[in-house]
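Each remark here refers to the structure printed beneath this line.
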Amino acid sequence: MSTVKQEYDVKKHFLELFRENRSVIDSGSAPLMNKQREGAIEEFERLGIPSQKSEKYRYADINGVFNPNLSKSFGVQKVSFNIHDIFECDIPDLDTNLILLVNGRYFNKEEPLRELQGGIITGSLARASKDMPQIVEKYYNSAASTEDDSLVALNTAFAQDGVFIYLPKDAVLEKPLQIVNIMIHETDLMAQHRNLFIAEENSSAKVVVCDHTLSPNKFLTNGVTEIYAASNSNFDLSKIQNEHNGSAQLSHTFLEQESESTVFTNTVSLHGGFVRNNMFVRLNGEGSENHTLGLYLADKTQYIDNYVKIDHASPGCSSRQLFKGVMDDQASGSFNGTIVARKDAQKTNAYQANNNILLTDDARINSRPQLEIYADDVKCSHGSTTGQLDENAMFYMRSRGIPEREARLLLMYAFAYEVVNQIHVKPLRLRIDDLVNKRLRGELSRCNNCAMNCE
Amino acid sequence: MQMLKIKDLRVTIEDQEILKGFNLEVNAGEVHAIMGPNGSGKSTLAAVLAGRDLTVTGGKVLYNGEDLLEKSPEQRAKEGIFLGFQYPIEIPGVSMVNFLKTAVNELRESRGEKPLSASDFLKLMREKKELVEIDSTLTNRSVNEGFSGGEKKKNEIFQMAMLEPKLAILDETDSGLDIDALRIVANGVNKLKSKERASIVITHYQRLLDYIVPDFVHVLYDGRIVKSGDKDLALLLEEKGYEWIKEEAGA
Ligand SMILES: Nc1ncnc2c1ncn2[C@@H]1O[C@H](COP(=O)(O)OP(=O)(O)OP(=O)(O)O)[C@@H](O)[C@H]1O
Ligand SMILES: [Mg+2]
């Protein structure tokens, strides 16, 4: 038997898919979103799938995550099961407003927008586009830049729905909002969701996003989230990536911050075969403050790639990046953090740190800090370390009777804790703490009571 | 009963022979003091006994009749060896409580005992803290992180009190201590003194030996013991320094 390897032309596939399904895609979405598709698909056609020749995706084989067997679905989603039978967030005391996305689509499509305390609105983005068009129109697809990233364009062309959060002026959300992204299907599947979070002046909220896979199929997610934080707002986003290792995730977050706003994001990557997180932050208003943190624990052949760009576009803003990773087995990954201080961004204060521990000779990480400083009054520091566990600390612990394995765990756990400790939703922090501990021990660290342990 | 027997031990670090045929025998119940000029190999000896991965090029070490050098550091700890570090290590992010609880329970497990409950453990900690008069807030912090020099040394004695070793090797635990702390450290060592236990106290100062009265004093010079005596040898060294010893050894 001869095997002829058919070259899979990803770009061609999506262009055809788009033309063939355009009307189904549109009818499952909203006019405001549909309006952007044509431009986006042209952009995608122009740029194609990012190759490893591009600086930005140098270490990430994006083309490799697209495979011809991934089905895509745009019509009405038939959910033949009761989601609550198979999924229930079991974190004790985590009292949240729960929103489910199943295969990238808002779970209960017919649900009207929910109004929470202080006039806070949450619900399906497609629904919001119809019910609150002025607001959605103002923000949708304006922070997201497709300039140099065709994957964002691909999302804009295809995404039908996702989560919408609107915090009006002065609104304070007491209970965190929890978004659970569930992938579950009978076949391999690709999904693309689109979220839009808007925090008006003086508002404040905490949002938790959890990614889960509930069936052993191969999955690919290409998701985009746009966040606007107006003056004096306070926004806190924790993201837990806990998909099985047969899945790939491309996640793009665009954040715009106005004056005196404070935004924290914390991304904890525990499982997932291929993870690429893009984080773009633009500090648009004087005195805004950004904290972008991440923790990645990878083993086997996992690939985890974080790309961060913090653009200081106005004076007197501060930003802090802290990314830490532990790589075991043949795991590999990359951290690329860029700080831009534009010409008039005087009194910029920017900090970046990336620390990695490699547990084996085969584990790999590429760490690349980049600075583009055009202003002259700038305080900027960056540091990157990649190493093994501290020999002296190991010996000290072992000399007290702590076995080597346990000593390693204590050190790794301590290493990770600096990031975990900065998750501001306490019950979530405790759970992540526990998951990290289990993860480092090599125990199953699935977050939910899913019966499936498909790694 | 013989506890430790070191015979003609040779250790090389980076092509440099540091211990050059070291001999020492320690019986249960004894206190041995080791003195000697800087760089003579005292810490190297302590490290190799505790299980640091050093190149042993000759000789052997028997502990309770068994080959010590082939055992892992944690195994040695379980069999009762404790090293008070000359330079205790800071471990940011690992809490004192977690560290000690893991250590204590590992030792208990190796003796076939059940792990201590959280409250029993805290009780034990409180008791030992009083014994060594260590500031209570120190144990709420990461291991040695930001501890002052003296606090680190006290912390070594505190750990020793928690772990109750059979053979304690204290490497300059008295250096950098104030007068009260010195008394407390000595007290900690004396509390553990019994017919079944022994200690090796490495020090530069005769003063400590007023509190911990040694049965033997040895002078380590250039990788071997060049003189042994009783506690009066320490007084003599205090008075005359090492020059005469070096001359004797050289001759
Ligand atoms: N890791 C190392 N690399 C190179 N040389 C070393 C190393 N460790 C020890 N040495 C050398 O071995 C010799 C003995 O050192 P050691 O620390 O055992 O001395 P010591 O007797 O404890 O001295 P002190 O009284 O100053 O504590 C010294 O010359 C030291 O420089
Ligand atoms: Mg020394």
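The values are calculated or read from the model by the stated rules, or taken from the named source; none is laboratory data. No experiment lies behind these values; they were computed from the predicted model shown. Counting neighbours? That spans all protein chains shown, and the Cβs are built from the backbone with ideal geometry, glycine included. The protein model used for the area step is the full one, side chains on, heavy atoms only, and it has no ligands, DNA or RNA in it. Shrake-Rupley method; radii C 1.70, N 1.55, O 1.52, S 1.80 Å.
Within region B:3-17, can you find the residues that are within 16 Å of ligand 1 (Cβ to nearest atom), surrounded by fewer than 17 Cβ atoms within 10 Å (Cβ to Cβ) and in a strand (DSSP E or B)? Correct list: B:THR12, B:ILE13, B:GLN16, B:GLU17.
When we screen B:ILE245, B:ILE212, B:ILE200, B:ILE157 for residues that are out of contact with any Gly (no Cβ under 6 Å at 6 or more places or on another chain), within 20 Å of B:LYS78 (Cα to Cα) and open to solvent by less than 10 Å² (accessible area, probe 1.4 Å), the only hit is B:ILE200. Taking the criterion of being aromatic (Phe, Trp, Tyr) and either at pLDDT below 95 or buried (at least 24 other Cβ atoms within 10 Å of the Cβ) (or both), the only residue of region A:270-300 that qualifies is A:TYR296.
When region B:204-232 is filtered for residues that are modelled with pLDDT of 95 or more, closer than 14 Å to B:ALA33 by Cβ and within 13 Å of ligand 1 (Cβ to nearest atom), the ones remaining, listed by number, are B:HIS218, B:VAL219, B:LEU220, B:ILE225. Taking the condition away from ligand 1 (no atom under 16 Å from the Cβ), in contact (Cβ under 8 Å) with a residue 24 or more places away in the chain and among the β-branched types (Val, Ile, Thr), does B:THR139 pass? Considered against the rule, which asks whether it is away from ligand 1 (no atom under 16 Å from the Cβ), in contact (Cβ under 8 Å) with a residue 24 or more places away in the chain and among the β-branched types (Val, Ile, Thr), B:THR139 comes out as yes. Checking each residue in region A:414-430 for being open to solvent by less than 40 Å² (accessible area, probe 1.4 Å) and part of a helix (DSSP H, G or I) picks out A:ALA414, A:PHE415, A:ALA416, A:VAL419, A:VAL420, A:PRO427, A:LEU428. Number of residues in region A:387-397 that are under 26 Å from A:GLU443 (Cβ atoms) and either among the polar types (S, T, N, Q) or more than 14 Å from chain B (Cβ to nearest Cβ) (or both): the value is 2. Of the residues examined, A:LEU410 is one that is closer than 24 Å to B:GLY51 by Cα and without any contact (Cβ under 8 Å) to a residue 24 or more places away in the chain.
Any residue at all in region A:368-385 that's within 14 Å of chain B (Cβ to nearest Cβ), surrounded by fewer than 16 Cβ atoms within 10 Å (Cβ to Cβ), modelled with pLDDT under 95 and farther than 30 Å from A:SER215 by Cβ? Yes; the residues of region A:368-385 include at least one that is within 14 Å of chain B (Cβ to nearest Cβ), surrounded by fewer than 16 Cβ atoms within 10 Å (Cβ to Cβ), modelled with pLDDT under 95 and farther than 30 Å from A:SER215 by Cβ. With the requirement that a residue be farther than 15 Å from A:LEU440 by Cβ and in a helix (DSSP H, G or I), what does region A:398-412 give you? The one that is farther than 15 Å from A:LEU440 by Cβ and in a helix (DSSP H, G or I): A:ARG398. Residues that are touching a Phe, Trp or Tyr at 6+ places or on another chain (Cβ under 6 Å) and modelled with pLDDT of 95 or more: does region B:74-83 have at least one? Checked region B:74-83: no residue is touching a Phe, Trp or Tyr at 6+ places or on another chain (Cβ under 6 Å) and modelled with pLDDT of 95 or more. Condition check for A:GLU286 on (1) of a type in the set (Asp, Glu); (2) in contact with a Gly (Cβ under 9 Å, 6 or more places away or on another chain); (3) closer than 25 Å to A:LYS438 by Cβ: one failure, at (3). The helices (runs of 4 or more DSSP H) falling completely within region B:18-113 that include 1 or more residues that are away from ligand 2 (no atom under 14 Å from the Cβ) and either within 23 Å of A:LEU389 (Cβ to Cβ) or more than 10 Å from chain A (Cβ to nearest Cβ) (or both) map to B:73-78, B:96-110. When the residues of region A:398-410 are filtered to those that are more than 7 Å from chain B (Cβ to nearest Cβ) and either under 29 Å from the mean Cα position of the chain (by Cα) or buried (at least 17 other Cβ atoms within 10 Å of the Cβ) (or both), the one that is nearest to B:MET160 (Cα to Cα) is A:ALA407. Could you tell me how many of the residues in region A:386-397 are open to solvent by 30 Å² or more (accessible area, probe 1.4 Å) and either touching a residue at least 40 places away in the same chain (Cβ under 8 Å) or not in a loop (DSSP other than H, G, I, E, B) (or both)? Here the count works out to 3. Scanning region B:203-218 for residues that are under 14 Å from B:GLY241 (Cα atoms) and away from ligand 2 (no atom under 16 Å from the Cβ) yields a total of 1.
Please determine whether any residue of region B:54-63 is surrounded by 21 or more Cβ atoms within 10 Å (Cβ to Cβ), within 13 Å of ligand 1 (Cβ to nearest atom) and under 25 Å from A:LEU411 (Cβ atoms). No, region B:54-63 contains no residue that is surrounded by 21 or more Cβ atoms within 10 Å (Cβ to Cβ), within 13 Å of ligand 1 (Cβ to nearest atom) and under 25 Å from A:LEU411 (Cβ atoms). The set of residues in region A:186-197 being surrounded by fewer than 24 Cβ atoms within 10 Å (Cβ to Cβ) and either farther than 18 Å from A:VAL275 by Cβ or touching a His at 6+ places or on another chain (Cβ under 7 Å) (or both) consists of A:GLU186, A:THR187. Checking each residue in region A:337-358 for being in a loop (DSSP other than H, G, I, E, B) and open to solvent by less than 40 Å² (accessible area, probe 1.4 Å) picks out only A:ALA345.
Each residue in region B:64-122 was checked for being hydroxyl-bearing (Ser, Thr, Tyr) and buried (at least 16 other Cβ atoms within 10 Å of the Cβ), and 2 of them qualify.
When the criteria are applied in full, B:SER175 fails the requirement of being more than 13 Å from every other protein chain (Cβ to nearest Cβ), open to solvent by 10 Å² or more (accessible area, probe 1.4 Å) and more than 14 Å from ligand 2 (Cβ to nearest atom).
Reported count of residues in region A:210-241, each being touching a Phe, Trp or Tyr at 6+ places or on another chain (Cβ under 6 Å), open to solvent by 10 Å² or more (accessible area, probe 1.4 Å) and over 23 Å from A:LEU297 (Cα atoms), is 1.
At pLDDT 95 or above, farther than 28 Å from A:GLY246 by Cβ and open to solvent by 20 Å² or more (accessible area, probe 1.4 Å): does that describe A:LEU15? It is false that A:LEU15 is at pLDDT 95 or above, farther than 28 Å from A:GLY246 by Cβ and open to solvent by 20 Å² or more (accessible area, probe 1.4 Å).
Check whether at least one residue in region A:80-96 is free of Cβ contacts under 8 Å to residues at least 60 places away in the same chain, farther than 30 Å from A:SER367 by Cα, open to solvent by 50 Å² or more (accessible area, probe 1.4 Å) and hydroxyl-bearing (Ser, Thr, Tyr), and report yes or no. Among the residues of region A:80-96, at least one is free of Cβ contacts under 8 Å to residues at least 60 places away in the same chain, farther than 30 Å from A:SER367 by Cα, open to solvent by 50 Å² or more (accessible area, probe 1.4 Å) and hydroxyl-bearing (Ser, Thr, Tyr), which makes the answer yes. When B:LEU116 is tested against the conditions (1) in contact with a strand residue (DSSP E or B) (Cβ under 8 Å, 6 or more places away or on another chain); (2) away from ligand 1 (no atom under 14 Å from the Cβ); (3) of a type in the set (A, V, I, L, M, F, W, C); (4) not in a helix (DSSP H, G or I), the lone failure is (1).
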